[in-house]
1. Sort out which residues of region 169-195 are farther than 20 Å from Ser155 by Cβ, open to solvent by 20 Å² or more (accessible area, probe 1.4 Å) and outside any loop (DSSP other than H, G, I, E, B), and write them in order of number.
2. Of the residues Ala62, Ala24, Ala55, which single one is open to solvent by 70 Å² or more (accessible area, probe 1.4 Å), over 21 Å from the mean Cα position of the chain (by Cα) and of a type in the set (A, V, I, L, M, F, W, C)?
3. Can you report the number of residues in region 213-222 which are open to solvent by 40 Å² or more (accessible area, probe 1.4 Å) and either assigned to a loop (DSSP other than H, G, I, E, B) or within 12 Å of the ligand (Cβ to nearest atom) (or both)?
4. From Ala259, Ala276, which residue is within 15 Å of the ligand (Cβ to nearest atom), assigned to a helix (DSSP H, G or I) and either under 18 Å from Arg213 (Cβ atoms) or among the aliphatic types (A, V, I, L, M) (or both)?
5. Could you count how many residues in region 223-249 are open to solvent by 10 Å² or more (accessible area, probe 1.4 Å) and in contact (Cβ under 8 Å) with a residue 60 or more places away in the chain?
6. Just to be sure, is Gly198 more than 26 Å from the chain's Cα centre (by Cα), modelled with pLDDT of 95 or more and assigned to a loop (DSSP other than H, G, I, E, B)?
7. Just for region 295-315: of the residues that are part of a loop (DSSP other than H, G, I, E, B), over 9 Å from Ser91 (Cα atoms) and open to solvent by less than 10 Å² (accessible area, probe 1.4 Å), which one is farthest from the ligand (Cβ to nearest atom)?
8. Go over the candidates Ala173, Ala160, Ala130 one by one and state the one that is within 16 Å of the ligand (Cβ to nearest atom), touching a strand residue (DSSP E or B) at 6+ places or on another chain (Cβ under 7 Å) and in the same structural domain as Ala221 (by TED's automatic domain parsing).
Amino acid sequence: MSDMPWTDPAAELRADGPAVLEWAARYLAEVGERPVLSPVAPGWVRAQLPAHPPAAAEGWDAILADLDRVVVPGTAHWQSPGWYAYFQSNSSAAAVLAEALITTFGVQGMLWHTGPACTEVETLVLDWLAELLDLPSAFRSDGPGGGVIQDSASSSTLVAVLAARDRARRAGARLDDLVAYTSIDAHSSVEKGLRVAGLLSEQLRPVPVDADRALRPVALASMVEEDLAAGKVPFLAVATVGTTSTHGMDPLGAIGELARAHGMWFHVDAAHAGAAALVPELRWIHDGLDRADSYVMDPHKWLFTAMDCSALFVRDAAPLVDALSITPEYLRNTASGSGEVVDYRDWQVPLGRRFRALKLWAVIRRFGAEGLRTAVAGHVALAQGLAARLADDPRFELPLPTPLNLVCLAHVGGDEATEALLVALNATGRVAVSHTRIDGRYLLRLSIGQTRTTRETVDELWSLIDEHAPAA
Ligand SMILES: *Cc1c(COP(=O)(O)O)cnc(C)c1O
């Protein structure tokens, strides 16, 4: 063997690729039998591994052996069909294979020029996604707007905040006077985005919600009036389609109207729930979205691409580019600025970017529109069935609606009984579930949407709940 084997990556791929892929296949075939949450104590993983890097090259057999010995027991198995915690982080065979190809190219697609296919496949596949979700035509790339892939919904929201902030400042507002609005149930990424953008947490106004946890537009309107009277500058309203805690659905139309009336940027966060719009009967979740300036949904949650792949759509890219474009001499080239190409580095915070679009492209092609729709509609149907079963059982209460695939329940015995049920379910090792607190009340959250979740696995979840929940 050559003493510089890295100069011949093809040889290593041919020699070791099949064994690594077989390892991946075996992991996925057997993952449903493992305890879903890792039982290891803090520090255990590191203590199993050598403290110092190897001096000489090691083989893949040694690396795979450490995966079996240390990494597998030290992993929470998000790809287990028993994953009902938080939201999903769904992978798929298409995503696994496409990730390997992304790294095979190893493209750094900061400019069109440094990766024409990386750029153009991204523009195309986001138009596909907009079509699949039936998004407003303003989000397609044939106008001044379009889509871009970011690493996370947090980054997508940050970029929208930066565009909104810059637009307001260019119009003459002082940074200290800016105020933004979002519901008390909005994701923490909204506040974080504002803080990164140089605002204080107090400049984000938490708007109250109604009994179904939807933002109350009447409350928003009066808060805006109060701020205007105090000389503040309302510059941004963020609505959520499917809040993280409970899948609360903010009324986009009414919020969008207020935003427009007051010249605010209107950003819509549908990180998890947006995928439901694949299903025509569920497209009501986007009613009023045509008023939005920007919209984010995460294919890496429910749409089988695995971390990381977040889709941000903007009505007009100009405010983004105005906020984020800086061109030093070493990045100048003839294509950029010609008006013929997009340089996506101007649509994000980092300069560098990987070929994430390849993964979304592969997933959409391998599932087909029908496959994606069937999978997501199936998850929603399973969740609705489970919600009905729970609602019929005198031991449980569903204090909130279940619009899609997130079921929130309480044991009628109170917070202690609900929390004990969560602990018992997770201790079985068969499932992972998580919780939230709404108005001080402890609720169990069941997110039904793992790539591999089926009627059988949800029946097992129900049996475990039935077995471990004390009588009313
Ligand atoms: C999960 C979630 C986020 C954050 O998503 P990341 O991609 O992890 O940053 C933001 N908003 C909502 C509503 C979410 O559910």
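The values are calculated or read from the model by the stated rules, or taken from the named source; none is laboratory data. Since the structure is predicted, the reported quantities are computational estimates derived from the model, not experimental observations. Note that we place each Cβ from the backbone using ideal geometry, even for glycine, and neighbour counts take in every protein chain shown. Each accessible area value is taken on the protein alone, full model and side chains, heavy atoms only, with ligands, DNA and RNA left out. Shrake-Rupley method; radii C 1.70, N 1.55, O 1.52, S 1.80 Å.
1. The answer is Arg169, Arg170, Leu175, Asp176, Asp177.
2. On the way: Ala62 fails: open to solvent by 70 Å² or more (accessible area, probe 1.4 Å); Ala24 fails: open to solvent by 70 Å² or more (accessible area, probe 1.4 Å).
The match here is Ala55.
3. To start, the set of residues in region 213-222 that are open to solvent by 40 Å² or more (accessible area, probe 1.4 Å) comprises 216, 218, 222.
If we keep only those that are either assigned to a loop (DSSP other than H, G, I, E, B) or within 12 Å of the ligand (Cβ to nearest atom) (or both) as well, we get 216.
Number satisfying all stated conditions: 1.
4. Working: Ala259 fails: within 15 Å of the ligand (Cβ to nearest atom).
Exactly one residue qualifies, and that residue is Ala276.
5. 4
6. On the way: more than 26 Å from the chain's Cα centre (by Cα): no; modelled with pLDDT of 95 or more: yes; assigned to a loop (DSSP other than H, G, I, E, B): yes.
Taking the combined requirement at face value, the residue does not satisfy it.
7. Initially, region 295-315 is screened for residues part of a loop (DSSP other than H, G, I, E, B), giving 298, 303-309, 315.
Narrowing further to those that are over 9 Å from Ser91 (Cα atoms): 298, 308-309, 315.
Applying the additional criterion that residues be open to solvent by less than 10 Å² (accessible area, probe 1.4 Å) yields 298, 309.
Working: Asp298: 5, Cys309: 9 Å.
Filtering region 295-315 for residues that are part of a loop (DSSP other than H, G, I, E, B), over 9 Å from Ser91 (Cα atoms) and open to solvent by less than 10 Å² (accessible area, probe 1.4 Å), the one farthest from the ligand (Cβ to nearest atom) comes out as Cys309.
8. Numbers: Ala173 fails: within 16 Å of the ligand (Cβ to nearest atom); Ala130 fails: within 16 Å of the ligand (Cβ to nearest atom).
The unique qualifying residue is Ala160.
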